[in-house]
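> I am attaching a structure below and will ask some questions about it afterwards.
The values are calculated or read from the model by the stated rules, or taken from the named source; none is laboratory data. Bear in mind that the values here come from a model prediction, so they are computed numbers and not experimental data. Neighbour counts run over all protein chains shown; Cβ positions are idealised from the backbone, glycine included. With ligands, DNA and RNA removed, areas are computed over all heavy atoms of the protein, side chains included. Shrake-Rupley method; radii C 1.70, N 1.55, O 1.52, S 1.80 Å.
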Amino acid sequence: MNKIGIYVHIPFCESKCIYCDFASSVCSKKVQEKYFESLIEEIKKCRYRRKVKSIYFGGGTPSSVDVNFIKKIYDTICEKFEIDVDAEVTIECNPNSATLDKLNEYKKMGFNRISFGVQSLHDDILKIIGRRHNSKQALQAIENARRVGFKNISADLLIGLPNQSIEDLIQDAAQLINSKVVHISAYILQVERNTPLELKIKNGEITLPTEDKTVEMYLSLVGFLVNKGYNRYEISNFCRDGCYSRHNLNYWKLGEYLGFGLAAHSYINYRRIANSCNMHDFLNRKNIFIEKIDSKKNIEEMIMLGLRCNLGVDIIRLSKAGYFINNNAYYKEFLKQGILLERENRFYLNPNYYGVSNKIICDLLP
Ligand SMILES: C[S@@+](CC[C@H](N)C(=O)[O-])C[C@H]1O[C@@H](n2cnc3c(N)ncnc32)[C@H](O)[C@@H]1O
Ligand code: SF4
C-alpha cells in the first residue's frame, strides 16, 4: 500500500487579507470548538488505513487558534494512523500569531517544519494588503522558530503587490536568505473574484504592477534565488538542496492523500473527495463531492502536475495508463526546440519555459 500525506484545514483567521479567497473566516471560540469536535470525528471515522509520510496543517491560519486545539487534532491523527518516524510535519503560521511559546509547543508536539506567511518585508505594502504583521515581526518569528529548534523553515512571498518594485522583491528575498530560510514559495498575486482587492482595483484605489512587470519581477526573483543556491523545483517553489516540501511534492507526483476539515480534498483509490466549503454543511457532513478519476483524467493530471515541477512525467507510467506521448503531434517538436527535455524515460519542461507552461501542457494533453 502506498504511503499517504495528510492535510488538515484550519479555517480561522484573525482578519481577512484583502486578496484572499481561501476557505477561512474570523470566528468565535465557540464556533472553533464545534469545528474541532467535528474535525476529530471526521478523522476518527476515516475508513482508509494507510501509513503516513507527511502531515500538513494549513489554513486559514493554524497559528491563530489555541494551541490545545492543534494538539488534540495532532494526537487524534497519531492514534488513528501509523506515522513514519521521519514523517515531514508542517504547520502554516502567520508571523503575528506564532509566538515563541506556541512555536515551542509545536516543536514539542512533533512538528518539524514551519511555513511562515511573510508575503513582503515592506511595511507600507503589508499595510495595504491587510496583513496584521510588520517586517520586524516576520523576521523575529523566523528567528524564534530557529531558537526553539526548527531547521526546516519556509517563507511565502507574493509577487506583483501594489507599489511593489523589482528591487523591493529582491530585497525581501535577500533578507529571507539572510535569515537562513531553506525554502521559499513565491506566488504571483491572483486577483480573486469578489475580494476587497478586486473592488479596490475597480474603483481605482489600488493599482497593481502591469502583467509584463510582474513577469519581469518573477523572472528576476528566479535568477536571484538560483544564483544564491536555491533550486527551483516547482514553478513557485525554491529550496536549498534536499529541503523541498515532501508534502507538496506528493501532490505533484499524483501521490495519495487524505484531507480533513472544511473544503479539504482527498485523493485516494482513484477518487477525489471534496468536503464542502460551507461551515454548516461541513459540521453536518453534507455536500461531500466525490469524483471518480477515469483513465483520461489520470493521464491529464500526470502531465499537468509532472510538468509543473522538476520531477517531470514518467513515460512508462503514462503508456501503462494508455497514452503514448510519442504519438502526440507537438511532443517531438517541443523536444527539438528544447522546450521539453527527455532523459531516463521521463520528460521535463525546460525551466526557461515555466512562464508559458499552461500553453505547452494543453498541447500535450490527449
Ligand atoms: C492559504 S494561505 C495561508 C497562509 C497564512 N494564513 C498566511 O496568510 O500567511 C497560503 C499562501 O497562499 C498565498 N496566497 C493567498 N492568497 C493568494 C492570492 N490571491 N494570490 C496568490 N497567492 C495567494 C499566500 O502567499 C499565502 O501565504
Ligand atoms: S491570513 Fe492567510 S488565510 Fe487568512 S485571510 Fe490572510 S491570506 Fe487568507
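> Among the listed residues 233, 267, which satisfies the condition of being buried (at least 19 other Cβ atoms within 10 Å of the Cβ), without any contact (Cβ under 8 Å) to a residue 40 or more places away in the chain and in a strand (DSSP E or B)?
From the options 233, 267, the qualifying one is 267.
> Consider residue 335 carefully, then state whether it is more than 23 Å from residue 246 (Cα to Cα), of a type outside the set (S, T, N, Q) and in contact with a strand residue (DSSP E or B) (Cβ under 7 Å, 6 or more places away or on another chain).
yes
> In region 57-87, what count of residues is obtained for those that are of a type outside the set (Asp, Glu), open to solvent by 20 Å² or more (accessible area, probe 1.4 Å) and either in contact with a His (Cβ under 6 Å, 6 or more places away or on another chain) or within 15 Å of residue 3 (Cα to Cα) (or both)?
So the count comes out to 4.
> If you don't mind, another one. Here is a check on your reading of the model: is residue 130 touching a residue at least 40 places away in the same chain (Cβ under 8 Å), surrounded by fewer than 19 Cβ atoms within 10 Å (Cβ to Cβ), in the same structural domain as residue 198 (by TED's automatic domain parsing) and over 22 Å from the mean Cα position of the chain (by Cα)?
Here the answer is no, as residue 130 does not meet what is asked.
> Restricting to region 39-68, and then to whatever is polar (S, T, N, Q) and within 16 Å of ligand 2 (Cβ to nearest atom), can you tell me which residue is farthest from the chain's Cα centre (by Cα)?
64
> Give the residues of region 222-271 that are closer than 24 Å to residue 11 by Cα, assigned by TED's automatic domain parsing to the domain that holds residue 36 and of a type in the set (D, E, K, R), sorted by residue number.
Residue satisfying the conditions is 246 alone.
> Any residue that is within 14 Å of ligand 1 (Cβ to nearest atom) and outside any helix (DSSP H, G or I) - is there at least one of those in region 40-57?
Yes, there is a match, as at least one residue in region 40-57 is within 14 Å of ligand 1 (Cβ to nearest atom) and outside any helix (DSSP H, G or I).
> Can you tell me which of 36, 111, 150 is more than 16 Å from ligand 2 (Cβ to nearest atom) and in a helix (DSSP H, G or I)?
36
> Among what's in region 322-366 and is aliphatic (A, V, I, L, M) and part of a loop (DSSP other than H, G, I, E, B), pick the residue that is surrounded by the fewest Cβ atoms within 10 Å (Cβ to Cβ).
329
> Report yes if residue 287 is in contact (Cβ under 8 Å) with a residue 24 or more places away in the chain and either surrounded by 13 or more Cβ atoms within 10 Å (Cβ to Cβ) or within 19 Å of residue 41 (Cα to Cα) (or both), otherwise no.
Against the criterion (in contact (Cβ under 8 Å) with a residue 24 or more places away in the chain and either surrounded by 13 or more Cβ atoms within 10 Å (Cβ to Cβ) or within 19 Å of residue 41 (Cα to Cα) (or both)), residue 287 does not qualify.
> Is at least one residue of region 344-351 of a type in the set (Phe, Trp, Tyr), farther than 27 Å from residue 6 by Cα and touching a helix residue (DSSP H, G or I) at 6+ places or on another chain (Cβ under 6 Å)?
no
> Here is a further query. Among the residues of region 165-200, how many are open to solvent by less than 60 Å² (accessible area, probe 1.4 Å), more than 18 Å from residue 230 (Cβ to Cβ) and away from ligand 2 (no atom under 16 Å from the Cβ)?
2
> Between a residue in region 339-353 that is closer than 15 Å to residue 304 by Cα and any residue that is among the hydrophobic types (A, V, I, L, M, F, W, C) and in a loop (DSSP other than H, G, I, E, B), which pairs come within a Cβ distance under 6 Å, given they are 6 or more apart or on different chains?
From region 339-353, the pairs are 350/339; 353/339.
> Would you mind telling me which numbered condition in (1) modelled with pLDDT of 95 or more; (2) open to solvent by less than 30 Å² (accessible area, probe 1.4 Å) residue 306 fails?
So residue 306 meets the others, but not (1).
> Further question on the same structure: Step by step: first the residues of region 95-109, then only those that are open to solvent by 30 Å² or more (accessible area, probe 1.4 Å) and not hydrophobic (A, V, I, L, M, F, W, C), then the one that is nearest to ligand 1 (Cβ to nearest atom). Which residue is that?
My answer is 96.
> Which one is nearest to residue 206 (Cα to Cα) among residues in region 1-33 that are of a type in the set (S, T, N, Q) and either free of Cβ contacts under 8 Å to residues at least 24 places away in the same chain or within 16 Å of ligand 2 (Cβ to nearest atom) (or both)?
My answer is 15.
> Moving to a separate point now. Output the residues belonging to region 309-318 that are in a helix (DSSP H, G or I) and open to solvent by 10 Å² or more (accessible area, probe 1.4 Å).
315, 316, 317
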